[in-house]
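In what follows, a structure is listed as structure tokens, so that the remarks can point back to it.
The values are calculated or read from the model by the stated rules, or taken from the named source; none is laboratory data. Here the structure is a predicted model, which is why all the values come from computation and not from measurement. All Cβ positions, glycine included, derive from the backbone under ideal geometry; neighbour counts span all protein chains shown.
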Amino acid sequence: MTGSFKALKLAQEQITDLDVQLLKRKLRVTESPCDTNVLIGGRQLKAFCSNDYLGLANHPELVSALAQGSQKYGVGSGASHLISGHSAAHELLEKQLASFQEKHISKVRALFFSTGYLANLAAITSLAKLSQRGDLSIYSAKLNHASLIDGVRLASAQMNAVVNLFDHTQLALLADELRKDTKSIKLIVTDGVFSMDGDLAPVKDLLQIAEQYDALLVVDDAHGFGVLGKQGHGILEQEDIHSDRIIYIGTLGKAAGVSGAFICAQDSFIEWLIQKGRPYIYSTATPPAIAHTLLKSLEIIESAEGIKRREQLNQLIKIWQDEMIFTKWEKASSCTPIQPVILGSNANALMAAKLLDEAGYWIPAIRPPTVPLNSARLRITFSANHTSDDLRKLIATLKRIEQEVYQKVTHD
């Protein structure tokens with residue numbers, strides 16, 4: 001048997017093993033725009049699972065802007081930014097993104113990426129190269145997104161860095177570790193909003209620790225940008241934070257409703273990223289039409305309409321926290337549109353998701369390794385396009401399903 005066939009056999013065996021453990025993932029094909037009502041397999045479902053928090057993904061002004069951008073710039077960029085792919089639309093977008101953070105970082109500049117994953121890889125690996133090999137420490141929050149984890153792993157391998165994981169609810173331990181750290185370059189890496197729990201990182205306290213022990217603070221605000229702060233500028237606005245130690249990363253495919261991501265930082269850090277950020281240097285630039293569309297998205301985020309949409313989200317969050325009372329399942333205390341319901345076992349989460357599907361709802365089960373072992377859950381997310389009536393109907397359905405799942409588990 002050749003190596004290729006051995007690999008194929010191993011792949012098949014391990015996929016079967018995932019299936020036995022109830023960990024195999026499956027694609028579902030949507031047949032309609034991203035919105036609160038979606039068409040899947042010819043069935044209309046009410047979606048409470050997307051990251052389109054402001055409900056902009058199918059906004060008519062953004063749809064029109066994309067068409068206009070395509071007419072003006074075509075449908076492709078043709079090359080990486082540093083070759084010939086950096087258009088006027090990209091330049092305008094970066095200036096506007098930087099203006100969102102100008103009150104929080106001096107001489108701020110923004111750099112646009114095609115995905116949040118690439119932005120996080122670029123940020124962490126490039127900053128790591130400021131150190132000499134073996135002279136770098138990285139402190140990463142335990143519940144960070146996979147893209148941050150992979151960025152930390154890659155930077156560690158490249159620069160022989162010491163990596164420490166910390167609990168964002170126990171910062172005294174983090175401070176103790178940094179107090180003993182003699183490395184020249186130290187990075188503290190955290191999500192702004194933790195994507196599976198919906199809670200906020202204590203960014204002010206982390207910044208205080210970073211200042212005390214001369215570290216840089218990398219904040220991935222993927223789930224906060226557009227949602228947090230009066231103008232939707234994100235967690236730095238909400239917490240009224242000002243520091244040139246912060247490397248701020250935001251995503252544009254969630255609340256902004258389109259695609260891409262960005263890094264905002266002091267000008268010198270951005271220039272370093274341009275010189276050393278391999279994911280930036282060697283990726284074809286996002287089509288300029290996307291950047292053109294995002295300019296309209298940023299306009300809406302800051303406008304009266306954006307404020308109204310955030311107010312609607314906050315109203316939904318309050319209804320959920322006040323009225324969703326479980327008897328067996330665990331509800332997280334979250335002030336964001338991410339509202340997880342912890343069921344524990346993979347089997348229970350899959351059963352609940354199936355019953356929700358039968359009731360006309362799309363809320364997939366989230367299982368390890370996305371979340372820790374024995375914490376499988378329903379990750380319920382709100383959109384500004386959901387109504388209070390939509391949510392109250394979901395609450396009633398969940399209360400019924402909780403009892404069905406519990407009774408089945410007890411009977412089995």
Selection count where residues are part of a loop (DSSP other than H, G, I, E, B) and not polar (S, T, N, Q), scope region 208-237: 16
Among the candidates Leu187, Leu273, residue that is in contact with a strand residue (DSSP E or B) (Cβ under 9 Å, 6 or more places away or on another chain) and in a strand (DSSP E or B): Leu187
Among the candidates Trp320, Trp329, residue that is modelled with pLDDT under 95 and in the same structural domain as Ile401 (by TED's automatic domain parsing): Trp329
Residues of region 2-52 that turn out to be surrounded by fewer than 10 Cβ atoms within 10 Å (Cβ to Cβ) and touching a residue at least 60 places away in the same chain (Cβ under 8 Å), as a count: 0
Residue selected from region 120-156 under the condition assigned to a helix (DSSP H, G or I) and either charged (D, E, K, R) or at pLDDT below 95 (or both), by the criterion farthest from the chain's Cα centre (by Cα): Arg153
Boolean, Thr30 is among the hydroxyl-bearing types (Ser, Thr, Tyr) and in contact with a strand residue (DSSP E or B) (Cβ under 7 Å, 6 or more places away or on another chain): yes
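One line per residue, one yes/no per condition, for (1) surrounded by fewer than 16 Cβ atoms within 10 Å (Cβ to Cβ); (2) closer than 15 Å to Val227 by Cβ:
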| residue | (1), (2) |
| --- | --- |
| Ala285 | no, no |
| His292 | no, no |
| Gln312 | no, yes |
| Ser333 | yes, no |
| Leu350 | no, no |
| Ala353 | no, no |
Set Thr336, Thr370, Thr381, Thr397: member being in contact with a His (Cβ under 7 Å, 6 or more places away or on another chain) and in contact (Cβ under 8 Å) with a residue 12 or more places away in the chain: Thr336
Out of Ser84, Ser99, Ser70, sole residue that is assigned to a helix (DSSP H, G or I), out of contact with any helix residue (DSSP H, G or I) (no Cβ under 6 Å at 6 or more places or on another chain), surrounded by 15 or more Cβ atoms within 10 Å (Cβ to Cβ) and not assigned by TED's automatic domain parsing to the domain that holds Asn385: Ser99
Filter pass, Asp221 being among the acidic types (Asp, Glu), free of Cβ contacts under 8 Å to residues at least 40 places away in the same chain and in contact with a helix residue (DSSP H, G or I) (Cβ under 6 Å, 6 or more places away or on another chain): yes
Selected residue (criterion: farthest from Gly226 (Cα to Cα)) from residues of region 370-389 that are modelled with pLDDT of 95 or more and surrounded by fewer than 17 Cβ atoms within 10 Å (Cβ to Cβ): Asp389
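What about Glu239, is it over 22 Å from the mean Cα position of the chain (by Cα), over 19 Å from Leu154 (Cα atoms) and of a type in the set (Asp, Glu)?
no
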Of the criteria (1) closer than 22 Å to Ser268 by Cα; (2) in contact with a Leu (Cβ under 6 Å, 6 or more places away or on another chain); (3) not small (Gly, Ala, Ser), which one Phe194 fails: (1)
